[in-house]
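The values are calculated or read from the model by the stated rules, or taken from the named source; none is laboratory data. On a predicted model such as this, the values are computed, not experimentally measured, just so you know. Note that each Cβ is placed from the backbone with ideal geometry, even for glycine, and that neighbours are counted across all protein chains shown.
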Amino acid sequence: MCSRLLAFAAALLLASPLAADNPYPWLAPRSSQPPVLPEIFVTTESIVKRNDWLAIDARQDDAYATAHIPGALQLGRTADRPWQQVDDLRAALSQAGLTGRERLLLYGNARSRQRLGRLFWLLEWAGFAEPKVLSGGFEAWLAAGQPVASGRELRPPQNFVSGAHLETTVDVVWLRHSFGEAGIELLDLRDRTDWTTSDYEVPPAFGDGHVPHSLPFVFSTLLTQADGWPEPAEVRRRLRALGPRPGDRVDLDSTFVLIGRDGSDPEPGLGYLLLRSAGIEVRILGGGWQAWISDRTLPVVRVVNAAELRELIEVGNPDLDHDSAPGLLLFDGRSEAAFARGHLPGAISLPAHRFAAGIERMIAERGEDLDPQSATLVFYCYGRDCVRSRTSSTIAARYGFRKLLWFRDGEIAWREAGYPFFASTVASGNPP
């Protein structure tokens, strides 16, 4: 198992920014290329000049039945279903009377923007080329004095022919081999609190477990206008500032993978639409977080605080009176000098820039005694402003370790809690 694990990890780490020669991938350079912004949002004035649009209404059923753009189809229930196979989606669209060749115009209202975003993603996934979104929604249509219809409109079933082949989704197999690589950014969308406007406090779902190297984000917080959409520049500004700590920035030339709760979560669809409109490459993880955790061999990072970590150490060291943490591999990402001055019970000094080599050596030396599926690894550094522990946890995940605990608050929180430290006469960067 040891040799197979090392071979697998070596393949994963090839060309990865997390290798020892580039241990700080969060210091991403600003893009020097101006963004290419697709024309997704259109005005009522521009669309009434031509009559070849097929309108898709994303609002609630009762709102559609009361009044809608003449000829519009209501595909809300299609948007709400958790589609797993694109062929099943295409079959449903063909039953709704779509061929795949129509020029689509999506519209909604303030309450339906998440659903509209999800519809936009689903339609591009199905193969529609360049669907458009009506800026200002149905209210803008009414304000322009345009005609409306009522009731439900139906079209006869059609043969669906996929035209465009835009990459819109990834699966867990792809993500397993891609997290932590250069040019890949993962956004966890399961929470409803914004990472960048809450002093970088860990949101609850993200803290309970997340895909390694992902960052929490909430696209809904960008919907500040009553029924409008954020400007592409604002989307890019907010996303660029998303790094793992204040001041870090994200490379907007990356491909962003959006992770929702499950296959029916509308938040990734909203994020997909906003990132597409801002000229950013984006994919959605099919099945979301539920798809990831359904495979129990995949790594999960959980954020722990000082009290939780103390309880874990106390399982094998009840009084915290000796320098050990039985049952845990507790990695200290600080400098060797800081480790020597004082470290957590049982900690192993292994700074982030040498972590890949150190964990590889540990795997080789311990062999069958080190099971990546059952071992519990803990990572800490100086405090929240030190993200070396996050980097090390991602490297460990790419080596196949599954149970990963990120003590994000680090040395500062442990010291503030009054918990014990142990000094070393000689700083050692070698795992025992």
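For this structure, a couple of remarks:
- Breaking point among (1) charged (D, E, K, R); (2) in contact with a Gly (Cβ under 8 Å, 6 or more places away or on another chain); (3) crowded, with 18+ Cβ neighbours inside 10 Å, for K132: (2)
- Meets criteria (more than 14 Å from the chain's Cα centre (by Cα), buried (at least 23 other Cβ atoms within 10 Å of the Cβ) and closer than 23 Å to R390 by Cα) for A352: yes
- Selection status of G209, surrounded by fewer than 22 Cβ atoms within 10 Å (Cβ to Cβ), in contact with a helix residue (DSSP H, G or I) (Cβ under 8 Å, 6 or more places away or on another chain), in the same structural domain as G97 (by TED's automatic domain parsing) and within 26 Å of R81 (Cα to Cα): no
- Verdict on R302 being in contact with a strand residue (DSSP E or B) (Cβ under 6 Å, 6 or more places away or on another chain) and either surrounded by fewer than 22 Cβ atoms within 10 Å (Cβ to Cβ) or part of a loop (DSSP other than H, G, I, E, B) (or both): yes
- Positions within segment 260-284 being in contact with a Leu (Cβ under 6 Å, 6 or more places away or on another chain) and not in a loop (DSSP other than H, G, I, E, B), in sequence order: E267, P268, G271, V282, I284
- Condition broken by P34, with the remaining ones in (1) in contact with a helix residue (DSSP H, G or I) (Cβ under 8 Å, 6 or more places away or on another chain); (2) at pLDDT below 80 satisfied: (1)
- Qualifying residue in segment 163-183 (condition: outside the structural domain of R113 (by TED's automatic domain parsing), part of a helix (DSSP H, G or I) and among the aromatic types (F, W, Y)): yes
- A search for C-beta distances below 6 Å between a residue of segment 338-351 that is without any contact (Cβ under 8 Å) to a residue 24 or more places away in the chain and any residue that is of a type outside the set (K, R), counting only pairs 6+ apart in sequence or on different chains, returns nothing.
- Under the condition of being assigned to a loop (DSSP other than H, G, I, E, B) and free of Cβ contacts under 8 Å to residues at least 24 places away in the same chain, the residues counted in segment 200-229 number 4.
- Looking across G410, G418, one residue alone is surrounded by fewer than 16 Cβ atoms within 10 Å (Cβ to Cβ), closer than 16 Å to I313 by Cα and at pLDDT 95 or above. It is G418.
- Residue count for segment 339-366 satisfying the condition of being part of a helix (DSSP H, G or I) and within 20 Å of F421 (Cβ to Cβ): 3.
- Near pairs, Cβ below 8 angstrom, 6+ apart or cross-chain, from segment 168-190 (more than 24 Å from S277 (Cβ to Cβ) and in contact (Cβ under 8 Å) with a residue 24 or more places away in the chain) to any residue that is charged (D, E, K, R) and outside any loop (DSSP other than H, G, I, E, B): F179/R398; G180/R398
- Counted as qualifying within segment 29-137 are the strands (runs of 3 or more DSSP E) with 2 or more residues that are of a type outside the set (A, V, I, L, M), namely 53-57, 103-107.
- If only residues of segment 160-170 that are over 23 Å from G288 (Cα atoms) and either of a type in the set (A, V, I, L, M) or modelled with pLDDT of 95 or more (or both) are counted, the one that is nearest to the chain's Cα centre (by Cα) is A164.
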